[in-house]
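The block underneath contains the structure these notes are about, expressed in structure tokens.
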């Protein structure tokens, strides 16, 4: 089973994020593989271990994206493709999907696994758009995956009505939720091996894409600015005897917040 | 001329409150609006949608649409959007809105923005505000493409002012084409009957790892019942199997913004906070005074939940008399 896993190198959102003049302040930030993409990598590795084949990780981004790709190779992916082109910067979901579609089409594949959304924008459009561009069936928000035979996946997704079962014929695209698995850590041996694995660096022209189609120029959705979130007014916190604290807060909820009114 | 197509969000065969929020917004803004409703047995909602402002109601009602699948749902919306001449398609944010929005962006040759909490509209000039980076920032975006604007709006972004039904102008859509390659086989476990929907509830009581197990969950459940609240959970509780997936609040599960959110034994991982910090009033009980949940709580109780919850239930009963 040949699997393509698009990954994104993003600012670690656990850090203190600051906005300066409408932009995310980049100084002092560190970058990681977007959380849900790690679940996608893990799912791909498990399928490869069961059915054989190759896992190719792909990232569109500046130089630092190669670190994320090396990490994925260290986890056990076989090959990496890095689309590193200034004209691809500030792509929107549609732009990323166009680039990823061209990369996927370079070789035969059975499955594409994405994260449910990237942690920087939380937009979640790239995977679904990619599936449509390639004419693939897609299942979003996958929390369980079984595959007795390599042509079909038995999936549970977290859907509108709870856990829904879907049977999916490959080739296809799935988007991983973090309940799907626990991503492995790279072993020391994996890290050493990753240094020798192929990592192709491509420009847009290598994929037959013009700079107008993607990046800031081709973006269908443009970011005007970032703003700090609206601060909640500071709350009240009560400590002490459990019963006293509870009765006090319940009294405030009734008489100050008037939740029973 | 701009025209909005509101995609009705249904539970079972009933239209949910977030749809009325979208229709209230377009009605009050005086925008030309149609609606489309998809599912099994959903035709009955047509008059409700009309009463709330849909000039034409497009209906795809078929047994094969009882459960969401991207291909037929997208096909029905594309059909409705083309017949209606819509320039914008509005969805409610749910577990499947990202899959649907992305698919529609390609099929309608438009662009998609998810998780919108504020909309500034001047015809089809749209500025949308949405939380990003686990709600640590707000991102303001606009459409830089002439195609259809596909916008998924979070519940609670607009207020619903429901209007009585009136006779609808209904257009029945041809049964949309599904995709045999992705077959929805049904639910793993049926949701508990009578349970309030997280997306519609005015109050949510939610449990975290601090409840320690299924007994702890059962200790808190009566509090939800007493408050008339929906009963939710953090990812840790759901992954442990103490509560069903349908109860999961957070970026990984359902993003909610009720009037009142009561977090019991929830420490407040960023994905959880990102899923509930839009709630109007937040109450938290946790014995760890440093738990991140207190950073968003309006009323925080640093207390052992096993002592606090029975007293809360007693107090609620007193005040409800």
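Might you check whether a residue that is crowded, with 22+ Cβ neighbours inside 10 Å and free of Cβ contacts under 8 Å to residues at least 40 places away in the same chain occurs anywhere in the range A:96-110? Checked the range A:96-110: at least one residue is crowded, with 22+ Cβ neighbours inside 10 Å and free of Cβ contacts under 8 Å to residues at least 40 places away in the same chain. Just checking, does the range B:76-84 include any residue being under 20 Å from the mean Cα position of the chain (by Cα) and not in a helix (DSSP H, G or I)? Among the residues of the range B:76-84, not one is under 20 Å from the mean Cα position of the chain (by Cα) and not in a helix (DSSP H, G or I), which makes the answer no. Restricted to the range B:17-42, and to residues there that are touching a helix residue (DSSP H, G or I) at 6+ places or on another chain (Cβ under 9 Å) and under 13 Å from residue B:55 (Cα atoms), the residue that is surrounded by the most Cβ atoms within 10 Å (Cβ to Cβ) is B:35.
A single member of A:172, A:257 is surrounded by 16 or more Cβ atoms within 10 Å (Cβ to Cβ) and under 25 Å from residue B:250 (Cβ atoms), and it is A:257.
Only residues that are free of Cβ contacts under 8 Å to residues at least 40 places away in the same chain and under 18 Å from residue B:18 (Cα atoms) were counted across the range B:39-82, and they come to 4. Is there a residue being modelled with pLDDT under 95 and outside any loop (DSSP other than H, G, I, E, B) anywhere in the range B:187-208? Yes. Screening residue B:314 on (1) touching a helix residue (DSSP H, G or I) at 6+ places or on another chain (Cβ under 8 Å); (2) part of a helix (DSSP H, G or I); (3) more than 24 Å from residue A:156 (Cα to Cα) shows it passes everything except condition (1). For the range B:85-99, a residue qualifies if it is in a loop (DSSP other than H, G, I, E, B) and more than 14 Å from every other protein chain (Cβ to nearest Cβ), and the qualifying residues are B:85, B:86, B:87. If you go through the range B:43-66 and keep only what is in a loop (DSSP other than H, G, I, E, B) and either crowded, with 22+ Cβ neighbours inside 10 Å or modelled with pLDDT under 95 (or both), you end up with B:52, B:53, B:54, B:66.
Residue-wise test of (1) more than 30 Å from residue A:129 (Cα to Cα); (2) in the same structural domain as residue A:107 (by TED's automatic domain parsing); (3) within 23 Å of the chain's Cα centre (by Cα).
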residue	(1), (2), (3)
A:171	no, yes, yes
A:187	yes, yes, yes
A:203	no, yes, yes
A:208	no, yes, no
A:211	no, yes, no
A:238	yes, no, no
A:243	yes, no, no
A:256	yes, no, no
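Can residue B:278 be described as in a loop (DSSP other than H, G, I, E, B) and farther than 26 Å from residue A:258 by Cα? Answer is no for this residue. For the range A:40-79, name all the residues that are outside any helix (DSSP H, G or I), within 11 Å of residue A:199 (Cβ to Cβ) and under 18 Å from the mean Cα position of the chain (by Cα). A:56, A:57, A:58, A:59, A:77, listed by residue number.
Of the strands (runs of 3 or more DSSP E) that lie entirely inside the range A:143-261, those containing 1 or more residues that are touching a residue at least 60 places away in the same chain (Cβ under 8 Å) and within 9 Å of another protein chain (Cβ to nearest Cβ) span A:172-176, A:221-227.
Within the range A:13-22, if we keep just the residues that are facing another protein chain (nearest Cβ under 10 Å) and more than 20 Å from residue B:292 (Cβ to Cβ), the residue that is farthest from the chain's Cα centre (by Cα) turns out to be A:22. Between B:251, B:271, the distinction of being surrounded by fewer than 23 Cβ atoms within 10 Å (Cβ to Cβ), within 25 Å of residue A:142 (Cβ to Cβ) and either touching a helix residue (DSSP H, G or I) at 6+ places or on another chain (Cβ under 8 Å) or touching a residue at least 40 places away in the same chain (Cβ under 8 Å) (or both) belongs to B:271 only.
Only one entry of B:237, B:205 meets the criterion of being within 19 Å of the chain's Cα centre (by Cα) and more than 10 Å from chain A (Cβ to nearest Cβ), and that entry is B:205. Among the conditions (1) in contact with a helix residue (DSSP H, G or I) (Cβ under 9 Å, 6 or more places away or on another chain); (2) more than 9 Å from chain A (Cβ to nearest Cβ); (3) modelled with pLDDT under 95, residue B:295 misses just one, which is (2). Scanning the range B:240-255 for residues that are at pLDDT 90 or above and in a helix (DSSP H, G or I) returns a single hit, B:247. Scanning the range A:80-103 for residues that are away from every other protein chain (no Cβ under 14 Å), closer than 14 Å to residue A:219 by Cβ and in a helix (DSSP H, G or I) yields A:87, A:88, A:99.
For the range B:6-16, the criterion of being assigned to a strand (DSSP E or B), at pLDDT 95 or above and buried (at least 24 other Cβ atoms within 10 Å of the Cβ) is met by at least one residue.
Within the range A:111-142, the residues that satisfy the criterion of being over 18 Å from residue A:35 (Cβ atoms), in a strand (DSSP E or B) and within 7 Å of chain B (Cβ to nearest Cβ) are A:138, A:139. Scanning the range A:149-159 for residues being under 22 Å from the mean Cα position of the chain (by Cα) and either within 14 Å of residue A:177 (Cα to Cα) or surrounded by fewer than 16 Cβ atoms within 10 Å (Cβ to Cβ) (or both) gives a total of 6.
The values are calculated or read from the model by the stated rules, or taken from the named source; none is laboratory data. Predicted model only: the values in this text are computed from it and were never measured. Glycine gets a Cβ as well: all are built from the backbone with ideal geometry, and neighbour counts include every protein chain shown.
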